[in-house]
Amino acid sequence: APFLQLCNNLNGLILTILINKNTKSLFTDELPETLQKQMTVWKKKTVREKFLRLREFILLILNGLGTQNQNFLWITDNDEFVANNLQLSTANTILKGTFHKHLDFRIGEFELKTLNSDSPDKCFEKLCSLTDLVAGGLVDFVGDYHNANIVPKDREVAKPIPHNKLKVNPITNWLSKKEEESMLKKITIKIIEKENNGLSIEAFRFPEFI
């Protein structure tokens, strides 16, 4: 796919995290009272859960890849957790407080923005289109395996199965190939809920389609 090959020239990392939609919550501890009050701007429990997940993932990424005094800009499409200005402002307040308290170092400026702040050339929208494409393709890919009741064994590369949507195979091919010349690195992980209500994080392995 020419678009995906062109994206290999981006200097960065595309990280995809897969979570089964039947996993109700990744959190067992009760939230601090202040945080609970802040999160009343999100009426739906599913939206609050989504924001908490994003908060933890961003914290993990910054702790692993960030540096002292580095500035960060997070661009999201018009997602349901930033459906209005109050929610966007509250999300920024919570995230900045979280980073100040839990990061191992002090960052510079941080801001969460939506595509409403995009430039006339739609630069942000073009970048977001890549993540949307990959996420959508992986949902279809994993869904096909689930519907076919196929569960790859541990450390086994998933077997290819037919896909009705033409976008799926090129995306999984692109994610699976180790292209040393590509400046864009790709990591896909899955979070699995265990029988004892615990969670495990594993790398997701792709088949390569011809």
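With a/c under 1.5 counting as rounded, go ahead and sort the range 13-142 into rounded, prolate or oblate using the C-alpha gyration tensor (a ≥ b ≥ c being the square roots of the eigenvalues; past the cut-off, prolate if a/b is larger than b/c, else oblate). Because its axes are fairly even, with a/c under 1.5, the range 13-142 counts as rounded. Pairs spanning more than 20 Å between alpha-carbon atoms, out of LYS50/LYS190; LYS122/LYS186; LYS126/LYS178; LYS24/LYS50; LYS96/LYS122; LYS24/LYS194: LYS122/LYS186; LYS126/LYS178; LYS96/LYS122.
Working from label points 7 Å from Cα in the Cα-to-Cβ sense, the LYS101 to LYS185 distance is 3.0 nm. Note on the chain: with a GNM built from Cα contacts shorter than 10 Å, the maximum mean-square fluctuation among ALA91, ALA83, ALA135 falls on ALA83. With a 1.4 Å probe and all protein chains left in place, how much of the accessible area of the range 1-63 comes from carbon and sulfur atoms, in whole percent? Roughly 56 percent of what the probe reaches on the range 1-63 is carbon or sulfur. A crude spin-label estimate for the pair ASN71 and ALA1, with each label 7 Å from Cα along the Cβ direction, gives 3.2 nm.
Highest mean first, the peptides 26-34, 45-53, 1-9, 58-66 sorted by other C-beta atoms within 10 Å per residue fall in the order 45-53, 58-66, 1-9, 26-34.
Under the membrane-span-like helix rule (DSSP H runs whose alpha carbons stretch at least 27 Å along the helix axis, mean Kyte-Doolittle hydropathy -1.0 or higher), the chain yields 45-65, 123-147.
Per residue, the accessible area of the range 2-155 comes to 65 Å² when a 1.4 Å probe rolls over the protein heavy atoms.
Under 10 Å, Cα contacts only: if you run a Gaussian network model on the chain, which one of SER89, SER200, SER129 comes out with the highest mean-square fluctuation? Among SER89, SER200, SER129, the largest GNM mean-square fluctuation belongs to SER200. Calculated FRET efficiency, ASP118 to ILE192, Cβ-Cβ distance, R0 = 45 Å: about 0.80 to the nearest 0.05.
Divide by every residue of the chain the summed helix terms, -39500 (n - 2.57) for each DSSP H run of at least 4, and state the resulting mean residue ellipticity at 222 nm, rounded to the nearest 500 deg cm²/dmol.
It lands at -13000 deg cm²/dmol.
The values are calculated or read from the model by the stated rules, or taken from the named source; none is laboratory data. Every value quoted in this text rests on a predicted model; they were computed, and no experiment measured them. No Cβ is skipped: glycine too gets one built from the backbone with ideal geometry, and neighbour counts run over all protein chains shown. When the accessible area is computed, the model is the full protein with side chains, heavy atoms only, and any ligands, DNA or RNA have been set aside. Shrake-Rupley method; radii C 1.70, N 1.55, O 1.52, S 1.80 Å.
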